[in-house]
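J.: The structure follows.
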DNA sequence: ATATAAAATTAGATACGTCTAACAATTTTA
DNA sequence: TAAAATTGTTAGACGTATCTAATTTTATAT
């Protein structure tokens with residue numbers, strides 16, 4: 001009898017989902033790095049998941065999610081993001097505290113539990129970090145993201161999402177008082193390292209390109 | 001690398017806790033039945049848990065929890081019962097719906113999560129089924145329970161707890177409109193099968209001894 | 001007190017998910 | 001395009017938790 005197989009496959013599905021978001025496929029090596037595993041472990045699981053029709057996989061070829069696999073991944077991500085929203089809005093956690101807890105709760109098997117969350121929250125469209133919550137079938141309408149790095153000098157923008165929700169990153173944003181919904185203006189752009197200087201809450205702040213890349217914005221309509 | 005060892009040992013600890021509640025010790029056979037496992041599986045785990053000083057165990061002898069083991073069990077039960085309280089009081093689940101969900105959430109590793117629950121609930125002393133919630137060190141003051149079966153004919157009593165929280169049992173109580181806090185009066189007692197007839201909400205209801213045994217009461221002070 | 005029944009243990013197998021080491025295929029570079 | 005580097009697979013091992021089958025110990029009954 002297995003010992004919580006699903007839990008583990010769910011983590012593979014999530015990683016596959018994120019890694020295939022743009023290029024539609026991912027290599028064994030990339031997946032192994034993302035999951036902090038060795039390549040043979042990944043190869044072996046890919047063979048299993050291919051048998052279960054969760055992925056499309058042929059020897060030496062990049063891996064793709066099937067529609068079934070993508071939906072299943074979407075359902076897990078839905079549970080993760082609903083949980084984050086619940087933790088922030090109902091239980092009053094800070095947005096930097098919720099990722100770790102949601103990583104665990106996303107594996108809970110109880111549709112009723114997540115339906116209740118969804119209802120209590122009024123079926124939110126996004127999680128506390130601005131990411132879209134997949135619908136109850138696991139489908140998600142992926143969006144084209146515009147980074148703070150893409151904003152031209154002198155232009156204004158509103159922060160609407162984040163590319164990652166590591167707590168270190170979120171604590172950094174907290175320390176600069178950067179939140180979802182904050183209005184910013186790009187004052188300077190350094191060519192050689194991509195760093196930028198922005199104005200936010202009437203203060204000047206310098207951000208590395210690594211940070212600016214991971215902040216999604218909506219262009220200001222003037 | 002292990003695959004969720006703790007999760008499994010936690011379930012053993014819980015079962016051990018419940019089975020040793022009265023007699024202070026339990027046999028391999030009883031534990032195997034409770035957990036729906038075969039005896040060799042249990043023997044093997046008992047050897048492991050004895051090494052870890054969670055239980056006191058010698059070949060062919062009954063199993064006892066060590067203080068360490070009992071505290072760890074208490075902490076898991078605390079998480080379970082806090083969760084049940086949270087599900088009922090915050091998320092508006094019925095008391096018959098929460099056990100299954102709590103079985104899963106009790107394994108979440110996040111003191112902050114359960115501390116927040118505890119705070120939101122005002123540090124409740126009991127769960128929705130009247131069971132005492134262990135303190136944050138895993139200690140529990142066990143009580144002497146008086147069953148509805150122990151009440152003499154003609155006497156009144158108030159329902160304050162349950163010996164089990166199977167959803168089938170709880171749905172049965174729901175159907176009879178029996179709740180925690182309900183006032184009852186014992187009208188008749190059948191000698192041969194231990195069944196009783198009570199008055200509750202001005203209605204007469206007959207209960208088997210199996211049911212009456214599992215309902216804890218407080219004697220009415222007249 | 002001995003035979004029988006029940007309980008418990010040991011031995012050895014299986015499933016799962018991981019790993020290392022060895023080898024094979026593919027991609028990059030010179 | 002050949003050599004080198006990288007990526008990927010296979011083979012085989014390990015740890016965990018389970019199982020069945022066989023054996024041993026303890027408890028029960030006559």
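Readers should treat all values here as calculations from the given coordinates under stated rules, not as data from a laboratory. If you're wondering where the values come from, they're calculated on a predicted model, not measured in any experiment. Cβ sites come from the backbone with ideal geometry, for glycine too, and all protein chains shown count toward neighbours.
J.: Starting from the 7 Å offset along Cα-to-Cβ, what nm value, one decimal, do you get for the label separation of residue A:142 and residue B:143?
T.: 5.6 nm
J.: While we're here: May I ask for log10 I(q)/I(0) of chain A at q = 0.09, 0.10, 0.15 Å⁻¹, from a Debye sum over the Cα atoms as equal point scatterers with solvent left out?
T.: -0.43, -0.53, -1.06
J.: Angle between the Cα long axis of helix B:111-121 and the longest principal axis of chain B, 0 to 90 degrees, nearest 10?
T.: That helix lies at roughly 10 degrees to the long axis.
J.: Can you give the calculated 222 nm mean residue ellipticity of chain A, where each DSSP H run of n ≥ 4 adds -39,500 (n - 2.57) and the sum is split over every residue, rounded to the nearest 500 deg cm²/dmol?
T.: Details: 8 runs with 92 residues, N = 222.
Helix-only estimate at 222 nm: -12500 deg cm²/dmol.
J.: Can you figure out the FRET efficiency of residue A:193 with residue A:103, using R₀ = 35 Å and their beta-carbon distance, to the nearest 0.05?
T.: On the way: r = 33 Å, r/R0 = 0.93.
Efficiency, from the Cβ-Cβ distance: 0.60.
J.: Once the Cα atoms of helix A:67-89 and of chain A are each reduced to a long axis, what angle between those two axes, in degrees from 0 to 90 to the nearest 10, is obtained?
T.: 50 degrees
J.: So, one more: Going by alpha carbons, how many degrees (0 to 90, nearest 10) lie between the helix axis of A:5-19 and the longest principal axis of chain A?
T.: For A:5-19 against chain A, the angle is about 40 degrees.
J.: Then there's this: Bins of 10 Å, beginning at zero and ending with the bin holding the largest distance: percent of Cα pairs per bin for the range A:1-77, please.
T.: 20, 60, 19, 1
J.: A further question follows. For B:214, B:193, A:36, A:167, which order do you get if you count the other beta carbons within 10 Å of each Cβ and list the fewest first?
T.: Working: B:214 20, B:193 9, A:36 6, A:167 15.
The order, fewest Cβ neighbours first, is A:36, B:193, A:167, B:214.
J.: Of all the Cα-Cα pairs you can form in the range A:104-222, what percent are over 25 Å apart?
T.: On the way: 2314 of 7021 pairs.
Counting pairs separated by more than 25 Å, the tail of P(r) holds 33 percent.
J.: Between copies, how close do the residue A:179 label points come, placed 7 Å along Cα→Cβ, listed in nm from shortest?
T.: Spelled out, the distances from residue A:179's label point are 3.9 nm.
J.: Put the label 7 Å from Cα along Cα→Cβ for residue B:203; what are its distances to the other copies, in nanometres, shortest first?
T.: With the label placed 7 Å along Cα→Cβ, residue B:203 yields 6.4 nm.
J.: Also, I was wondering about something else. Rounded to a whole number of µm²/s, how large is the Stokes-Einstein D of the range A:152-222 at 20 °C and 1.002 mPa s, given Rh as the Kirkwood radius over C-alpha pairs? Could the numbers behind the result be given before it?
T.: Details: Rh = 12.2 Å.
Here the translational diffusion coefficient equals 175 µm²/s.
J.: Here's a follow-up. At 25 °C and 0.890 mPa s, what whole-number value in µm²/s does Stokes-Einstein give for the translational diffusion of the protein assembly as shown, with Rh from the Kirkwood sum over Cα pairs? It would help to have the intermediate numbers written out before the result.
T.: Working: Rh = 25.7 Å.
Taking Rh from Cα pairs, D becomes 95 µm²/s.
J.: Can you list, shortest first in nanometers, how far residue A:89 lies from the same residue in the other copies, with each label 7 Å from Cα toward Cβ?
T.: 2.3
J.: Ranked by Cβ crowding within 10 angstrom, fewest neighbours first, how are B:169, A:192 ordered? Provide the component values of the computation, followed by the final result.
T.: Working: B:169 18, A:192 5.
The most exposed by this proxy come first: A:192, B:169.
J.: Moving on. Say R0 is 35 Å: what FRET efficiency, to the nearest 0.05, do residue A:7 and residue B:29 get from their beta-carbon distance?
T.: Numbers: r = 30 Å, r/R0 = 0.86.
With a Förster radius of 35 Å, E is 0.70.
J.: Here is a follow-up. Fewest first, what order do A:187, B:65 take by the number of other Cβ atoms within 10 Å? The partial results should precede the final answer.
T.: Details: A:187 14, B:65 23.
Neighbour counts put them in this order, fewest first: A:187, B:65.
J.: Now, a different point. Okay, which of the range A:15-30 sit inside 14 Å, backbone N to the point 7 Å along the Cα-Cβ direction of residue A:50?
T.: Answer for the range A:15-30: A:26-29.
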